[in-house]
Amino acid sequence: MNTRHLGCAALAAAIAVALQGTWFATTAAAQNGRALPTFEVDKSWPKLPPQWKVGDVSSFASDAQGNIYLLHRPRTLKDPEFANAAPPVLVFDAAGNFVRGWGGDGNGYEWPQREHGIYIDNKGFVWLGGNNCPQNGLARLKPVADDQLLKFTPEGKFVMQIGHSNQSKGNADTQNVHRAADVQVYPPTNELFVADGYGNHRVVVFDADTGAFKRMWGAFGNEPADDDHCEIVRKTDFTAPGPQQLSVVHSLRVAHDGLVYVADRENRRVQMFTNDGKFVKQLIKADTLFARSVALSADPEQQFLYVGDGKDIAIVDRKSLELVGSIAPAGIVGGGHLIATDPKGNIYIAATGQGLQKLTFKGVSVPATR
């Protein structure tokens, strides 16, 4: 099994004492003369209508024109701000100007209780889901599991629902998801790939037009096993190759060449698969809160995989799964909850309780050594 494990005792000690964590990767890139993407914080983005309040920002997505969709959790707002809660989906143009807002309860579909992930596919359709657990006891939330995914037009007209609230039968269920975290449509096959996620422990694939089940898999391509609970199991042992099951499948991205990258959050690893579920390799990084989320660089080859990594965003060579640098411009809010990129290469960080942020892409350059 081809694995890369950056958390062994000797390497961790060497990094901590002599190289200060991810500075090693940046220095190595500089010594090898490799140019890496650079960013700066855009403090003016976005321009939110002053009458609205935004709750915990959970996710961002970009359409092909660079319009940015923000998904937040209005029900996390406290009184009296809750009375001025913005719609859960807010759309901004590339400059950060407000375009429209929509979402929430409606006829013909079950809006998630706890909004989590949003994605815009190649046809412009908007996909979103939630991760509510019946036992979490959060205010204003119904005691049901978000076991559905919703599809809308860009203007918020309902198109389709996959699954139903509180109906999951577990990882073998081909009709429902179970507190799914993230999705992406792969245009060549018109398939919806789902990081399913909080209640289940799998990647599951559906037809993006009909919602028909196609296939599923777990860690290393294994059959996913049931282990359903509200509480997040915090791991302490990250010895390679790691557990044979995924633990909070929090994010995924499918590259142009069909390779699938899965953020296995609580195991602090990113696993790479073919799009039919065959395991290829993995990257474990044990010394930080690695594998919060994944996003792809905007260049045609998609050279880099961006991975939410605690206080910053790790830069990973997409093909080799080698850590090559980090993104940590002055003022960054951290690696965030979920991240997204737009066609110009900018990064958007949804940091839930810590807010939101746009990192403007400034080009590529060879990092300076210290």
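Any read-out appearing in this document is the output of simple, stated calculations on the displayed coordinates, not a laboratory observation. Keep in mind that what you see is a predicted model, and the values were worked out from it rather than measured. Please note: Cβ atoms are built from the backbone with ideal geometry, for glycine as well, and neighbour counts cover all protein chains shown.
Pop out the Kirkwood hydrodynamic radius of region 3-365 from its pairwise C-alpha distances, inverse of mean 1/r, in Å to one decimal.
For region 3-365, the Kirkwood estimate is 20.4 Å.
Under 5 Å between amide H atoms, partner at least 5 residues away or on a different chain: which partners does Arg114 have, H built in plane at 1.01 Å?
Asn131, Asn132
Taking the Cα of Asn107, stepping 7 Å toward and past its beta carbon, and measuring to each backbone N in region 148-177: which are under 13 Å?
158
Amide H neighbours of Gln167 under 5 Å, at least 5 residues apart or on other chains, H built in the peptide plane: list them.
Asp147
Considering the options Phe39, Pro88, Gly130, tell which one lies farthest towards the positive end of the dipole of the chain, charges being +1 on Lys and Arg and -1 on Asp and Glu at the Cβ, about the Cα centre.
Phe39
Rounded to the nearest 20 debye, what is the charge dipole size of the chain about its Cα centre when +1 sits on each Lys and Arg Cβ and -1 on each Asp and Glu Cβ? Show your work: numbers first, answer last.
Details: 37 positive and 38 negative charges, 141 e Å.
About 680 debye.
Pull up all non-local amide H partners of Arg269: gap of 5 or more, or a different chain, and H-to-H distance under 5 Å with H placed in the peptide plane.
Distant-sequence amide H within range of Arg269: Asp264.
Each label point is 7 Å from the Cα along the Cα-to-Cβ direction; what then is the distance between the points at Lys123 and Glu155, in nm?
Calculated label separation equals 1.8 nm.
Among DSSP bridges having both ends in the chain, what percentage is antiparallel? Round to the nearest 5.
Taking every DSSP beta bridge with both residues in the chain, the antiparallel ones total about 95 percent.
GNM, the chain, Cα, under 10 Å: largest mean-square fluctuation among Asn171, Asn67, Asn97?
Judging by the Gaussian network model, the answer is Asn97.
What is the fewest-to-most order of Ser297, Ser320, Ser59, Ser44 by other Cβ atoms lying within 10 Å of their Cβ?
Details: Ser297 21, Ser320 12, Ser59 27, Ser44 9.
The most exposed by this proxy come first: Ser44, Ser320, Ser297, Ser59.
Normalising by the residue count of the chain, find the relative contact order in percent from Cα pairs under 8 Å and 6+ residues apart. Present the calculation step by step, with values, prior to reporting the outcome.
On the way: 1002 pairs, mean separation 68.5, N = 370.
Relative CO of the chain lands at 19 percent.
Using just the helices of the chain, give the 222 nm mean residue ellipticity in deg cm²/dmol: DSSP H runs with n ≥ 4 each add -39,500 (n - 2.57), and the total is spread over all residues, rounded to 500.
Numbers: 2 runs with 15 residues, N = 370.
The per-residue figure over the chain is -1000 deg cm²/dmol.
Enumerate the calculated ³J(HN,Hα) couplings along region 153-167 in order (Karplus 6.51 cos²θ - 1.76 cosθ + 1.60, θ = phi - 60°), each rounded to whole Hz, writing x wherever the residue is Gly or Pro.
6, x, 8, x, 7, 5, 10, 7, 10, 10, x, 9, 3, 6, 10
Run the simple label-point estimate for Lys142 and Arg215 please: 7 Å along Cα→C-beta, distance reported in nm.
Each label point is offset 7 Å from its Cα along the Cβ direction, giving 3.5 nm.
Could you please state, rounded to a whole Å, how far the C-alpha centre of region 233-276 is from the C-alpha centre of region 126-195?
The distance from the Cα centre of region 233-276 to that of region 126-195 comes to 20 Å.
Please give the contour-minus-distance gain from Thr174 to Asp227: 0.36 nm per residue of separation, less the Cα-Cα distance, rounded to one decimal in nm.
Working: separation 53, 0.36 × 53 = 19.08 nm, distance 1.70 nm.
Between Thr174 and Asp227, full extension yields 17.4 nm more.
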